[in-house]
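The values are calculated or read from the model by the stated rules, or taken from the named source; none is laboratory data. These numbers were taken from a predicted model, which means no experiment stands behind them. Counting neighbours? That spans all protein chains shown, and the Cβs are built from the backbone with ideal geometry, glycine included. Just so you know, the surface numbers come from the protein's heavy atoms only, side chains and all, with ligands and any DNA or RNA stripped out. Shrake-Rupley method; radii C 1.70, N 1.55, O 1.52, S 1.80 Å.
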Amino acid sequence: MRHFLFEFITGGGLSEQPLSKNLIGEGEVMIQTLLKELRELDDTEISLTRDSRLDLFDNNIRQYVVKEQIEKRLPEFIKESDVCWLIAPETDSCLEDYAKSFIKHGKLFIGSSPDAIKIASSKYLTNKLLSQAGINVVETRWCNEEFSESKNGWVIKPDDGVGGEDASLIKEKKDLSDLLKKAALKKMLVQPFLQGKHLSMSLLVYNDDVRLLACNKQYVDIDKGSIKLKGIGVNECLSYKDEMLYLAKKIVSTISGFAGYIGVDLIAVDDELVVLEINPRFTTAYAGISRSISANVTSMILNTFLNKKLPDIQLNSAIPIRINI
């Protein structure tokens, strides 16, 4: 079976733009995990694209070196494969647009529908849909709307940002008011900062059904108003597994079209789960799940799409795995 892998950051999506070490690091973790786990399967041929500024892999795989815009060449790579895998950010409709191309040109695309991606790519739209379904969400407003009082301060973030990108914590209302006057923030969101446990859940979704892969702790660093994710404790929070599975089922019944690996960022306030955002793609936690549950999670995802059926997954014997970013 021929697999084509495209990881946006390391695979040439930014071939004509600067590459940051942080973005490269996260991209490498995910693409190397996908590579390793696919190579464990029988009868597997793998190809991928690689930004010309990065070293090639030593593995016995076909690597297309990318020096300029990737979009024109992608269809030919996709058409040569039996299965195609996509890892890309939601920002500026990037993930949605690539998903459309992969579906158009590929035989089997491992990922969610463009419609589901479009919804999840907007934190504001996701927030409103989940709220209407009775799911606990953090109050979310556009920066040019009236905002609520908050004793802990406010978080300002892009509607389609990834991994805390450009997110800031503002403690004083005066400082927040000054920022909101800037025209550049009109497409930004403001949320009250919630004190609680930073969590996430990793899901395997297919045909509007779901399995829980991991209950994760997020190690978040806040320094001078900047919010950064520093690490993930994969399956460190199994005490929440029943609540997380119940919440996951409500989410996929509310937003149709999710498929494959999905990440959901949460915060537990007085042990009540509140949804912050949905990531319709691989997240960093993916890199530790197979070790945690002693199974090849990539094989699980692939077989779900091939057999059109979700596997049974038990987390009772899962062990915690720490991933530093």
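In a fully extended conformation the segment linking Lys79 and Asn136 would gain 16.3 nm over its present Cα-Cα distance, using 0.36 nm per residue. Rg/Rh, computed from the Cα trace of the range 60-165 with Rh as the Kirkwood radius, has the value 1.10. Modelled label positions at Asp208 and Leu41, each set 7 Å beyond Cα in the direction of Cβ, lie 2.7 nm from each other. Among the listed pairs Lys128/Lys250; Lys151/Lys174; Lys36/Lys107; Lys197/Lys249; Lys157/Lys224; Lys21/Lys228, a Cα-Cα separation exceeding 18 Å is found for Lys36/Lys107; Lys197/Lys249. What's the long-distance tail for the range 198-325, i.e. % of Cα pairs beyond 23 Å? Pairs farther apart than 23 Å: 27 percent. Highest mean packing first, where packing is the average number of other Cβ atoms within 10 Å per residue, the peptides 4-13, 84-93 line up as 4-13, 84-93. Of the solvent-accessible surface of the chain, computed with a 1.4 Å probe over protein heavy atoms with every protein chain present, carbon and sulfur atoms account for 46 percent. Pairwise Cα distances in the chain exceed 26 Å for 47 percent of all pairs.
Taken over the range 12-52, the ratio of Cα radius of gyration to 2.2 N^0.38 Å equals 1.38.
Order these peptides, 232-240, 199-207, 171-179, 73-81, by their mean beta-carbon neighbour count within 10 angstrom, highest first.
Ranking the peptides 232-240, 199-207, 171-179, 73-81 by packing returns 199-207, 232-240, 73-81, 171-179.
Three semi-axes describe the equivalent ellipsoid of the range 222-266; taken as square roots of 5 times the Cα gyration tensor eigenvalues and ordered largest first, they are 25, 15, 10 Å.
Beta bridges assigned by DSSP with both partners in the chain are antiparallel in approximately 75 percent of cases. Only DSSP H runs of four or more residues enter the estimate; each adds -39500 (n - 2.57), and after division by the residues of the chain the mean residue ellipticity at 222 nm equals -9000 deg cm²/dmol.
Using the heavy atoms of the protein chains and a 1.4 angstrom probe, tell me the accessible area per residue for the range 131-175 in square angstrom.
Numbers: 2510 Å² over 45 residues.
For the range 131-175, the solvent-accessible area averages 56 Å² per residue.
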